[in-house]
1. Applying the selection to the range 1-36, what residues are under 13 Å from the mean Cα position of the chain (by Cα) and free of Cβ contacts under 8 Å to residues at least 60 places away in the same chain?
2. Going by what's in this entry, would T88 be described as β-branched (V, I, T) and closer than 13 Å to P41 by Cα?
3. Which of the residues spanning the range 17-38 are small (G, A, S) and assigned to a loop (DSSP other than H, G, I, E, B)?
4. Under the condition of being closer than 13 Å to D32 by Cα and part of a loop (DSSP other than H, G, I, E, B), which residue from the range 43-61 is nearest to the chain's Cα centre (by Cα)?
5. Do we have any residue at all in the range 35-53 that's in contact with a helix residue (DSSP H, G or I) (Cβ under 7 Å, 6 or more places away or on another chain), farther than 16 Å from R10 by Cβ and hydroxyl-bearing (S, T, Y)?
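FYI, it's all coordinate maths here, none of it is from the lab. Bear in mind that the values here come from a model prediction, so they are computed numbers and not experimental data. When we count neighbours, we look across all protein chains shown, and the Cβ atoms used for this are built from the backbone with ideal geometry, even at glycine.
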Amino acid sequence: MELEHCVLFRGLSRDVNARIRSLARIQRYARDETLFLEGDPATDIYVLKDGRVELTYTLPQDPTSEILIAHVHPGENFAWSALARGETLSSRARALVDSNVYAIALEELHALFLEHPEAGYQVMTILAQQILRRLRDTRKELRWLHQGVR
């Protein structure tokens, strides 16, 4: 998956997409390798180039229990906390298969959005829609857990 085709950056101008592509570093992860841990500093936003990544959350009352948040597929972004200016990451990410990930430094991306506010607005609108979908999915999951049905 090429970066300009991912959901988060789709529809941006060629110039802005070229600049984003120049900011991106490709990082390679082997199967079962951890990309980041919950609580790590939120310095990069990630887009899955290829492979598959799992996001999990550890229950505070039981550090041995992890809850699946999502499976990330090529073209999807994760580690939103960085883009939303969160200080730390709120989940653990682990490669389910050998995976390549675009990592984009938060500070550089924010600087680009200051130069191109229309692109920043478009990206943040898409991000807000993604967060809303995740919250809805989480509410459904919690409702099922509460009812004891899955």
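1. If the condition is that a residue be under 13 Å from the mean Cα position of the chain (by Cα) and free of Cβ contacts under 8 Å to residues at least 60 places away in the same chain, then F36 is the only one that fits.
2. The answer is yes for T88.
3. Matches in the range 17-38: A30 only.
4. For the range 43-61, the residue satisfying everything is R52.
5. For the range 35-53, residues in contact with a helix residue (DSSP H, G or I) (Cβ under 7 Å, 6 or more places away or on another chain), farther than 16 Å from R10 by Cβ and hydroxyl-bearing (S, T, Y): present.
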